[in-house]
Amino acid sequence: MRLILLGPPGAGKGTQAQRIVEAYGIPQLSTGDMLRAAVAQQTEVGKRAKAVMDAGRLVSDEIVNAIVSERIDQPDCAKGFILDGYPRTLVQADATEAMLAAKGIALSVVIELKVEDEVLVDRVSGRYTCAKCGTGYHDHNLKPKVDGVCDKCGSTEFKRRADDNPETVRTRLQSYYKDTSPLIGYYWAKKKLTSVDGMAEIDSVTAEINRILDAV
Ligand code: ADP
Ligand code: ZN
């Protein structure tokens, strides 16, 4: 099962990816997370990426492609993987096709999560994650069962991304529409695209995605 989750920031890709990981036992490859890890570890690639990410822009294709390609070669990706936040541009989509072809594998499906813009700003501004295990939460939409305690690991430490504020969301939305949304047509033409109503409740979206994945 090799799939791409496609959609604007706040559409629910990360939330659904965490559930797919649990249900299907395949890893979530989030370039955002992989990049932030490289930045935190101050690797060579991380340093190069930091300056660009701080400005809210996209890091070079060369950096991202290399990170993803190496990651897919790791043994836990043998059964498949979820790409979340990559590819973001048509150039990256072509690079992904070429990279997978060179490895002798192909995508199973691309799932697009459709959500209205006004809702996205609220979703991104209200989201946070467990500092220890990374489980995602939201101020109103998805609270831990016990206030201030992670459902999954019991940690009481949470974090918010510095760029999850209404101003930055609007900038990120613009780059989504300009650079990433053309991928919807790209994968539709390749007969890989399935669109899901991302405005539905989180559990309903999960059920719909499971139905799609069970059919591929
Ligand atoms: P993405 O990874 O696409 O940027 P996230 O999965 O981080 O989006 O979701 C953004 C925020 O919206 C999170 O706080 C999440 O809890 C919440 N959220 C995700 N899906 C839904 C949904 N279907 N309904 C309501 N809130 C949602
Ligand atoms: Zn946790």
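Rounded to 0.05, the FRET efficiency of the K152 and V91 pair, given R0 = 41 Å and the Cβ-Cβ distance, is 0.65.
Helical content of the chain, expressed as a calculated mean residue ellipticity at 222 nm, amounts to -14000 deg cm²/dmol (DSSP H runs of 4 or more residues, -39,500 (n - 2.57) each, divided by residue number, nearest 500).
For the chain, the Cα gyration tensor yields ellipsoid semi-axes of 24, 21, 19 Å (square root of five times each eigenvalue, largest first, whole Å). All Cα-Cα separations within segment 46-124 were binned at 5 Å from zero, giving a P(r) of 3, 11, 20, 21, 17, 15, 10, 2, 0, each value a whole percent of the pairs. Beyond 18 Å in Cα-Cα separation lie the following of the pairs K79/K191; K79/K103; K114/K178; K132/K159; K47/K132: K79/K191; K47/K132.
When DSSP beta bridges are restricted to pairs lying wholly in segment 6-159, around 65% turn out antiparallel.
Laboratory data are not the source of any read-out in this text; all were calculated from the coordinates shown. Fair warning: this is a prediction, and the values are worked out from it, not measured in the lab. Positions of Cβ are backbone-derived with ideal geometry, glycine not excepted, and every protein chain shown enters the neighbour counts.
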